[in-house]
Amino acid sequence: MTITQIIGLIVVLGLAIFCGFLIVKNSKKNDLVKWLLLFIFVAIAFTWIFECGTYQNTEYYSIGMNQLGLTNIPYLFYNAIQFTTDKICFLLALGAFYGVLSKCESYKKLVSNLASKLKGKEIITVLVTSLLFTVLASILNQTFIALTFVPFVISVLLAMKLDKITAFSATFGSILLGLIGATYGGESVLFFNQFLGTAVTTAILYRLIVLVVGFILYNFFTILHVKKVIKDKKVNDLEDDPFKVEKVDKKVKAWPVVVMLVILFVFLTLSYISWEDNFGITIFNSFHTWLTELHIGDVYPFQLILGSFAGAFGTYTDLVLNSTGLFNAVAVILIITILISLISRVKFNDFITGVGEGCKKMILPVALFVGSYFLMSITYSNPYVPAINNMMFKNITTFNPFLTSLSAIISNVFSQYFALVAITVGQFFVGTYASSVNIIHTIFTTMYGFTTMVLPTSGLLLIGLSYLNIEYKSWVKYIWIFAVAMLVILLVLFTVMTYI
């Protein structure tokens with residue numbers, strides 16, 4: 001070990017001890033920020049310990065040491081913003097949307113009426129909600145689309161006197177669960193297939209098994225928790241709802257808002273499921289071609305009205321993969337926001353106030369999400385993960401599912417952008433162990449979802465916890481038994497797939 005590596009190791013231990021002390025000393029204040037900073041400091045320090053490297057198919061090539069310094073930080077932020085631009089816009093648009101909705105009497109009426117009607121049916125409500133978000137996350141090619149109705153559902157659940165952990169578990173937690181068993185959707189499967197040349201049907205049966213088993217196990221613990229909450233009639237976490245609404249007693253019609261929400265749900269769901277690629281359904285592409293080719297003389301009205309980025313349903317994937325990402329969703333959400341405000345006769349000043357307040361409430365979730373990609377930018381600009389992987393597999397000639405699982409976890413800890421994982425180490429595994437592609441695919445996609453659900457380096461997890469003002473240790477206390485059980489189940493599955 002060189003002097004530089006020794007210094008790096010000392011820095012890692014020092015920063016870990018320092019951040020750990022801060023977390024323990026005052027965990028309730030800026031809890032999520034401290035956890036994220038801990039991993040960021042460790043990631044930076046690792047650049048002083050491990051060399052950078054890259055794989056060309058199955059061959060590893062050393063790039064040498066490339067320590068990060070203070071002047072690298074602005075560049076890392078630039079990378080983080082570049083990777084998250086469409087998602088930042090989406091979160092802010094979502095904040096504006098619910099900021100305006102919270103000013104609408106009809107929306108308040110809808111939330112209060114639903115909460116009243118579902119009172120006494122807490123368990124079935126939570127199960128149906130969890131199922132909906134799990135399935136959406138598993139099939140949507142952009143996971144963030146599933147967040148569109150999370151604030152609405154959370155407001156209803158908290159109005160039913162359920163606690164915020166239950167509300168988180170049924171919404172954000174279920175979305176994260178859907179990533180563990182991603183079938184036809186999710187950035188995990190999409191990116192892995194894109195960069196490694198595998199198909200969406202690769203190992204899909206195994207991922208479906210993971211999804212079903214995970215859903216049953218996850219909601220077993222959720223039901224136990226909900227039963228405890230129901231017995232405790234003193235639970236009241238309404239104050240932790242960023243977009244809480246007061247109960248409306250006067251006669252107000254809720255159906256206009258319902259219609260707009262249904263339209264939004266249908267449009268976004270149709271837009272972000274890969275109909276042709278996954279299911280061979282071409283009707284949406286054909287309709288889009290027909291619509292955009294309608295013309296009056298040399299004028300194509302629908303091309304002009306919709307704009308050049310309006311694609312067919314199912315073709316909106318990710319900005320980095322040369323498409324429009326979430327920007328089309330942002331446009332639709334903003335249009336629906338304006339329509340709802342007009343239908344509900346929201347005053348212009350209230351509209352502007354709602355937009356401003358809504359965006360303000362999303363600042364912390366946005367900042368933490370960008371922070372998670374700042375962490376990713378470290379390993380993006382300083383690829384030491386391949387070097388670690390090379391140390392692990394240098395003398396391994398036969399496929400080992402346990403070491404591969406460990407490599408997948410390490411890779412995903414420092415990168416919530418799954419495409420980067422596929423690029424840095426994925427090609428090594430697929431090339432070296434070509435006969436084990438199914439198990440490799442299953443390991444990396446499920447472990448991506450697992451780390452996303454459990455570790456505080458996950459952008460989605462940080463968004464959810466900060467949104468409901470939940471400490472990370474509270475989430476760990478709630479999820480740890482499921483996490484251990486799920487990890488054991490996954491390792492058993494990997495063993496069966498490899499050796500039986």
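The values are calculated or read from the model by the stated rules, or taken from the named source; none is laboratory data. Because the structure is a prediction, the values reported are computed rather than measured. For neighbour counting, all protein chains shown are included, and Cβ atoms are generated from backbone atoms with ideal geometry for every residue, glycine included.
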Hits in the range 394-409 (condition: in a helix (DSSP H, G or I) and either touching a residue at least 40 places away in the same chain (Cβ under 8 Å) or buried (at least 20 other Cβ atoms within 10 Å of the Cβ) (or both)): Pro401, Phe402, Thr404, Ser405, Ser407, Ala408, Ile409
Residue identified as surrounded by fewer than 18 Cβ atoms within 10 Å (Cβ to Cβ), among the polar types (S, T, N, Q) and in the same structural domain as Val156 (by TED's automatic domain parsing) among Thr282, Thr269: Thr269
Selected residue (only one of Trp275, Trp290 is modelled with pLDDT of 80 or more, surrounded by fewer than 17 Cβ atoms within 10 Å (Cβ to Cβ) and within 30 Å of Thr201 (Cβ to Cβ)): Trp290
From the options Thr452, Thr424, residue that is out of contact with any Leu (no Cβ under 6 Å at 6 or more places or on another chain), in contact (Cβ under 8 Å) with a residue 40 or more places away in the chain and assigned to a helix (DSSP H, G or I): Thr424
The range 81-134, residues that are aromatic (Phe, Trp, Tyr) and either in contact with a strand residue (DSSP E or B) (Cβ under 6 Å, 6 or more places away or on another chain) or over 17 Å from Ala146 (Cβ atoms) (or both): Phe83, Tyr107
Ile124 free of Cβ contacts under 8 Å to residues at least 24 places away in the same chain and either farther than 19 Å from Ala419 by Cα or assigned by TED's automatic domain parsing to the domain that holds His225 (or both): yes
Residue within the range 48-58 that is over 27 Å from Ile165 (Cβ atoms), part of a helix (DSSP H, G or I) and modelled with pLDDT under 90 present: no
Enumeration of residues in the range 228-266 that are part of a helix (DSSP H, G or I) and in contact with an Asp or Glu (Cβ under 8 Å, 6 or more places away or on another chain): Val229, Ile230
Count of residues meeting criterion [surrounded by fewer than 17 Cβ atoms within 10 Å (Cβ to Cβ) and not polar (S, T, N, Q)] in the range 201-212: 4
Residue count for the range 73-116, restricted to those that are in contact with an Asp or Glu (Cβ under 8 Å, 6 or more places away or on another chain) and basic (Lys, Arg): 2
Residue check, Ile352 without any contact (Cβ under 8 Å) to a residue 60 or more places away in the chain, in a helix (DSSP H, G or I) and under 21 Å from Pro151 (Cα atoms): yes
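Just checking, how many residues over the range 202-241 are over 30 Å from Gly99 (Cα atoms) and among the acidic types (Asp, Glu)?
Count: 1.
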Test: residue in the range 40-59 that is free of Cβ contacts under 8 Å to residues at least 40 places away in the same chain and assigned by TED's automatic domain parsing to the domain that holds Ala419: yes
Residue within the range 11-18 that is among the aromatic types (Phe, Trp, Tyr), farther than 30 Å from Ala434 by Cα, assigned to a helix (DSSP H, G or I) and modelled with pLDDT of 85 or more present: no
Test result for Phe302, touching a residue at least 40 places away in the same chain (Cβ under 8 Å), over 30 Å from Lys109 (Cα atoms) and outside the structural domain of Val189 (by TED's automatic domain parsing): no
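Here is a yes/no grid of residues against (1) of a type outside the set (A, V, I, L, M, F, W, C); (2) at pLDDT 95 or above; (3) within 19 Å of the chain's Cα centre (by Cα); (4) not assigned by TED's automatic domain parsing to the domain that holds Leu147:
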{"position": "Tyr448", "(1), (2), (3), (4)": "yes, no, yes, no"}
{"position": "Thr451", "(1), (2), (3), (4)": "yes, no, yes, no"}
{"position": "Val454", "(1), (2), (3), (4)": "no, no, yes, no"}
{"position": "Thr457", "(1), (2), (3), (4)": "yes, no, yes, no"}
{"position": "Ile463", "(1), (2), (3), (4)": "no, yes, yes, no"}
{"position": "Asn469", "(1), (2), (3), (4)": "yes, no, yes, no"}
{"position": "Ser474", "(1), (2), (3), (4)": "yes, no, no, no"}
{"position": "Ala485", "(1), (2), (3), (4)": "no, yes, no, no"}
{"position": "Thr495", "(1), (2), (3), (4)": "yes, no, no, no"}
The range 144-155 residues that are small (Gly, Ala, Ser), paired with ones that are part of a helix (DSSP H, G or I) (beta carbon under 8 Å, 6 or more apart): Ala146/Phe133; Ala146/Leu136; Ala146/Ala137; Ala146/Ile175; Ala146/Gly178; Ser155/Val111
Of all residues making up the range 226-243, the number that are buried (at least 17 other Cβ atoms within 10 Å of the Cβ) and either modelled with pLDDT of 85 or more or outside the structural domain of Leu140 (by TED's automatic domain parsing) (or both): 5
From Met391, Met376, residue being out of contact with any helix residue (DSSP H, G or I) (no Cβ under 8 Å at 6 or more places or on another chain), assigned to a helix (DSSP H, G or I) and among the aliphatic types (A, V, I, L, M): Met391
Residue satisfying all of: in the range 25-77; charged (D, E, K, R) and over 30 Å from Leu465 (Cα atoms); surrounded by the most Cβ atoms within 10 Å (Cβ to Cβ) among these: Glu51
Test: residue in the range 438-447 that is outside any loop (DSSP other than H, G, I, E, B) and either touching a strand residue (DSSP E or B) at 6+ places or on another chain (Cβ under 8 Å) or surrounded by fewer than 22 Cβ atoms within 10 Å (Cβ to Cβ) (or both): yes
When residues of the range 70-93 are limited to those that are in contact (Cβ under 8 Å) with a residue 60 or more places away in the chain and out of contact with any Phe, Trp or Tyr (no Cβ under 9 Å at 6 or more places or on another chain), the one farthest from Met362 (Cα to Cα): Asn72
